[in-house]
Amino acid sequence: MSGKQKYPRAEALKVAKQMCVSLADVSTRLIVAGSLRRRKMEVGDVEVLFVPKLVTQTVDFFTSTSVSAVDLMLEDLLRKGIIAQRRNVAGSIMWGAKNKFAVHVASGIPVDFFAATDANWFNYLVCRTGGAESNTAIASAAKAKGWQWNPYGVGFTDDHGCTVAVTSEQDVFRHAGLPYREPWERL
């Protein structure tokens, strides 16, 4: 077991609710994953998985671009001091296009934001829900049949090098050759 600080479920749920309320209108899909989804009584962080809505932003008189509405909302939460960027164990800020590591300022609870797509939603949801033993079991079972699990991609690569996409959490387990486990049954 790691020496990572743990937070009571009730406190983490309050933070998760605040983050989800903030992101609900700027996401097409949104869920709290990780140990909260696995119903753990103590958690090390809040993990929020989302598919962002895209909005058009004007660059100049002739140019516009599509940007993540979630990214804009997270920048607003940073400006308001609701969240702050968090450093990883190596001391680096982790605030990229897909993964953003923050801390909820009022509670001190770490909050990790993960951007998914409609195509990789279910695969990424299984991965981000975890736990580590479940993810290792999926990867090992896939490897045993000559496949590779691509947890941040759309699914698996089979023994012929072809992509096998998943369209549900059950698909992830089925393609790996494992019985489906509900989030709270995963270790």
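Against the test of being crowded, with 18+ Cβ neighbours inside 10 Å, under 16 Å from the mean Cα position of the chain (by Cα) and at pLDDT 95 or above, the options Phe101, Phe156 yield a single qualifying residue, Phe101.
Here's the yes/no breakdown for (1) assigned by TED's automatic domain parsing to the domain that holds Arg39; (2) out of contact with any helix residue (DSSP H, G or I) (no Cβ under 6 Å at 6 or more places or on another chain); (3) within 26 Å of Asp76 (Cα to Cα); (4) in contact (Cβ under 8 Å) with a residue 40 or more places away in the chain:
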| position | (1), (2), (3), (4) |
| --- | --- |
| Trp95 | yes, yes, yes, no |
| Gly131 | no, yes, no, yes |
| Ala137 | no, yes, no, yes |
| Asp158 | no, yes, no, no |
| Ala165 | no, yes, no, yes |
| Tyr180 | no, no, no, no |
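Just one of (1) over 14 Å from Gly34 (Cα atoms); (2) in contact (Cβ under 8 Å) with a residue 60 or more places away in the chain fails for Phe114. It is (1). Among the residues of segment 163-186, at least one is surrounded by 13 or more Cβ atoms within 10 Å (Cβ to Cβ), touching a strand residue (DSSP E or B) at 6+ places or on another chain (Cβ under 6 Å) and part of a loop (DSSP other than H, G, I, E, B).
Give me the residue from segment 51-76 that is polar (S, T, N, Q) and more than 24 Å from Leu30 (Cα to Cα) and, out of that set, surrounded by the most Cβ atoms within 10 Å (Cβ to Cβ). Taking the candidates together, the pick is Ser64.
Every listed requirement among (1) closer than 23 Å to Arg9 by Cβ; (2) surrounded by 14 or more Cβ atoms within 10 Å (Cβ to Cβ); (3) not assigned by TED's automatic domain parsing to the domain that holds Val67 is met by Ser107 save one, (3).
Taken together, the criteria exclude Ile31 from residues that are hydrophobic (A, V, I, L, M, F, W, C), surrounded by 11 or more Cβ atoms within 10 Å (Cβ to Cβ), in contact with a His (Cβ under 9 Å, 6 or more places away or on another chain) and modelled with pLDDT of 95 or more. Scanning segment 7-44 for residues that are within 21 Å of Val126 (Cβ to Cβ), in contact with a helix residue (DSSP H, G or I) (Cβ under 8 Å, 6 or more places away or on another chain) and assigned to a strand (DSSP E or B) yields a count of 6. All conditions but one from (1) among the charged types (D, E, K, R); (2) loosely packed, with under 14 Cβ neighbours inside 10 Å; (3) touching a strand residue (DSSP E or B) at 6+ places or on another chain (Cβ under 8 Å) apply to Arg79; the one that does not is (3).
The test for being over 27 Å from Asp76 (Cα atoms), surrounded by 14 or more Cβ atoms within 10 Å (Cβ to Cβ) and more than 16 Å from the chain's Cα centre (by Cα) does not hold for Ala119.
The values are calculated or read from the model by the stated rules, or taken from the named source; none is laboratory data. Keep in mind that what you see is a predicted model, and the values were worked out from it rather than measured. Using ideal geometry, Cβ is built from the backbone for each residue, glycine included, and neighbour counts are taken over all protein chains shown.
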